[in-house]
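Taken together, the values in this text are just the output of simple stated rules run on the coordinates, not laboratory data. Just so it is clear, the model here is predicted, and its values are computed rather than measured. As a convention, Cβ positions derive from the backbone with ideal geometry for all residues, glycine included, and neighbour counts pool all protein chains shown.
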2 protein chains.
Amino acid sequence: MENWTMEPQGARREPTMRDVAALAKVSTKTVSRVINDLPGAGPEVVERVRAAAQSLGYRPNLTASSLRRSDRRSATIGVLLEDLSNPFDSALLRAIEDRARQNDVLVLAGSSEDDPDLQRELVTSLATRRVDGMVVMAAGGHQDALQQERERGTPMVLVDRPPLFGGTDSVTTTNRDSSREAVLHLADLGHRRISFLGDRKTLWTSQERYAGYVEGLAHAGLTLREELVRTDLHGTDAAETAAATLFDLDEPPTALFTAQNLVTVGAMRALRARRLQRQVALIGFDDFPLADMLEPGVTVLRQDVPALGRKAAELVFDRIRGDRSAPTHAVVPATLVRRGSGEIPLR
Amino acid sequence: MENWTMEPQGARREPTMRDVAALAKVSTKTVSRVINDLPGAGPEVVERVRAAAQSLGYRPNLTASSLRRSDRRSATIGVLLEDLSNPFDSALLRAIEDRARQNDVLVLAGSSEDDPDLQRELVTSLATRRVDGMVVMAAGGHQDALQQERERGTPMVLVDRPPLFGGTDSVTTTNRDSSREAVLHLADLGHRRISFLGDRKTLWTSQERYAGYVEGLAHAGLTLREELVRTDLHGTDAAETAAATLFDLDEPPTALFTAQNLVTVGAMRALRARRLQRQVALIGFDDFPLADMLEPGVTVLRQDVPALGRKAAELVFDRIRGDRSAPTHAVVPATLVRRGSGEIPLR
DNA sequence: GTGAAAGCGCTAACAC
DNA sequence: GTGTTAGCGCTTTCAC
């Protein structure tokens, strides 16, 4: 039991501009001017209105104001990522949120779970709330809903994956180039049997990273062996199982390139299960917490997530402000972080 | 260059109910009925309206409808956490989002950075957008802004930390009991010099976990030694430094209880730097990814984050629906997960 | 410098 | 079943 009586939640009527106007003995228009810091109100009136607003605990109703205002801004953007609980996604959201705050904008966040249908629903939900713009990590497969929304004129920036349609900004990482670099790094250490383990093939990032892998092999003069390639691995468990099968081969790989976060973790588990973590080289795409504390430390291609988010937010705010220049496709470089696992030479 | 001309972003006028009404040759009220699946529209008219809406690409304006509707719902809740990029916070957000989606509600998310002033600003921002309710991880220090908002009647649930004021629901973890359990676990292994390393003292969770530590020592018949206690550690680096000083003592601890995520990581780094990770026992509050892959695996008290988020969301939706029963203070149990580091006996 | 009237897109209340 | 009128809280327009 508490000594404080339960306030009827949500029951009280919020004071309106009219209430303030009545108390200050001015018109609502004048209150509007004061609240929005617009000129055309005498200093004494301003004081009276401020006092009235203060004493009533008045707070403007942005929903009503944006309905009437000519710019129609809701001071809200939508951010649709794959899974807000994924560290990559949440770091991105945070970076976007920081930039949004600088613009006095709030963020409506959602997880599409890489499902185009769910993504369409979320886009509709955001549109229904008249967000000023959207930052979207496109779900794999078609992007019909995104394209349609974009064609209606909604400012939109795709992040992590580029649009399959025209006229839309995007911010991505050097997926292909960095992957090639990783493979070459492994080849330089003498490795000739380098495996690729990748996420779902429908994802553009997976495709790009695979392309970089193929290019890397070619540049190193190595032949691509299908039996060393495992794709469509969704989640840690699938990756672990797939990695395990690699070591049952007559000629198992001596190095692994894992093209995603969770895939890297799965592969690491498989290596550990066979006590191969100091024998087999490993480079993963995407950094993750504690990668440096493992033994050996995990060499990764680190994306600059804050830069990705910041850039995406800046682009969408530019568009919201009316920028109609040609679409930008920003590419943020990833960095090879050497921690040990990627520096294991061919024995 | 792209072949698709840049759509004037945000320039197109959204079709309104009036447009649909005109095309379907009915009144706006009838369109409203059809769009909202309300009775009182003939099947043939429904069809005509649907077709008109479809062909115009009409989408209801929730902002306008919520302004006029008697329940005033925006179908949006605010979620204010400390840092959306923190794994604990983002897991919580995701759990809340899932429950929200089941109610066709979207989530406005923000990071308070544990700053009461920033939290106040965010609360105001949310209120200005007329969210239906809020789920808040209260910043340390005073909770004036939260209390004021609550007293205005806004449905609010505090998560992770309880309110310092009455009449408000909360969902927390068994901080004290679980901490005591951890200390007793260490004492059972023979440890007599057990250190406490904690986050900022202003945080309720830190205080509770410290209280549990003190209780645990008492139950085990051990004396509390101030020199083994380090508090106010914010972030990994501070924790690492503090942990290092412990091992410079004449009588260093043989076991550590680290009362937060990042503190645990910092302590681990300090242990590793001195190659003590297999000598000194360690139990941390909060689980974290890869804790099982370290050597030794890290024993932790794991919070049931999805349950915390789910419960918080359910409570806020109950209040939004008008539930005025006495405040609930739900407590979700944490679990001791034994992975090795906490099972190192006194040598 | 200030206010009255109109209306943003929608729904409540009531009439027919 | 369907439409009319009024009005949610605010800003626009324009008059004074």
### Task
Specify, for chain B, the residue whose C-beta is closest to the rotation axis mapping it onto chain A, with the distance given in whole Å.
B:Ser90, 2
### Taking A:Ser170, B:Ser27 and counting other C-beta atoms within 10 Å, the order from fewest to most
B:Ser27, A:Ser170
### Task
Compute the distance in nm between two label points, each set 7 Å from the Cα along the Cα-to-Cβ direction, one at A:Ala326 and one at A:Asp115.
4.0
### Query
If we hang a label 7 Å off Cα along the beta carbon direction at A:His219, how far is it from the matching labels on the other copies, in nm, shortest first?
5.9
### Summary
Shielding of A:98-106 by other chains, given as the mean Cβ count within 10 Å, works out to 3
### For the range B:1-137, fraction of C-alpha pairs farther apart than 19 Å, in %
65
### Query
Using Cα pairs under 8 angstrom and six or more residues apart, how large is the relative contact order of chain B, in percent?
16
#### Entry: Sequence of B:Phe88, B:Phe285 once ranked by neighbouring C-beta atoms within 10 Å, starting from the fewest
B:Phe88, B:Phe285
### Task
Quick one: among A:Ala75, A:Ala313, A:Ala41, which has the greatest mean-square fluctuation in a GNM of chain A with alpha-carbon springs under 10 angstrom?
A:Ala41
### Task
Grab the other residues whose beta carbon is less than 13 angstrom from that of A:Val26, score K and R as +1, D and E as -1, and report the net.
+3
### Query
PRE reach from B:Lys201 (point 7 Å along Cα→Cβ): which of the range B:138-163 fall under 17 Å by backbone N?
B:140-142
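Residue by residue through A:124-131, how many Cβ atoms from other chains fall within 10 Å of the Cβ on average? Each step should come with its number before you reach the end.
Details: counts 2, 7, 1, 5, 8, 10, 6, 1.
Mean partner-chain Cβ count within 10 Å for A:124-131: 5.
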### Summary
Taking 0.36 nm per residue of separation between A:Asp304 and A:Arg338 and subtracting their Cα-Cα distance, the length gained on full extension comes to 10.7 nm
### Query
If you take the Cα atoms of chain A, find Rg, then find the Kirkwood Rh from the mean of 1/r over all pairs, what is Rg/Rh?
1.14
### Task
Report the antiparallel proportion of the DSSP beta bridges in chain B as a percent, rounded to a multiple of 5.
10
### Task
Please identify the longest segment of chain B free of exposed GluC sites (Glu not before Pro), where exposed means a DSSP state other than H, G, I, E or B and no more than 16 other Cβ atoms within 10 Å.
B:114-347
### Task
Between the label point of A:Phe247 and that of the same position in each other copy, find the distances and list them shortest first in nm, with every label point placed 7 Å from Cα along the Cα-to-C-beta direction.
3.0
### Message
Please report, for B:Arg68, the nm distances (one decimal) from its label point, 7 Å out from Cα along the beta-carbon direction, to the equivalent points in the remaining copies, shortest first.
### Response
1.6
#### Entry: Order of B:Met268, A:Met17 - criterion: other Cβ atoms within 10 Å of each residue's Cβ, fewest first
A:Met17, B:Met268
### Message
Tell me the Rg and the Dmax, in Å, that the Cα atoms of the protein assembly as shown produce.
### Response
28.1, 89
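Out of the range A:238-317, which trypsin sites (Lys or Arg not before Pro) are coil in DSSP terms and have no more than 11 other C-beta atoms within 10 Å?
Answer in residue order: A:Arg275.
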### Value at 222 nm in deg cm²/dmol, rounded to 500, when DSSP H runs of n ≥ 4 in chain B each add -39,500 (n - 2.57)
-13000 deg cm²/dmol
### Query
Hey, got the average number of other protein chain Cβ atoms within 10 angstrom for residues in A:84-95?
6
### Task
Could you give the C-alpha radius of gyration of the range A:214-347 expressed as a fraction of 2.2 N^0.38 Å, taking N as the number of residues it contains?
1.29
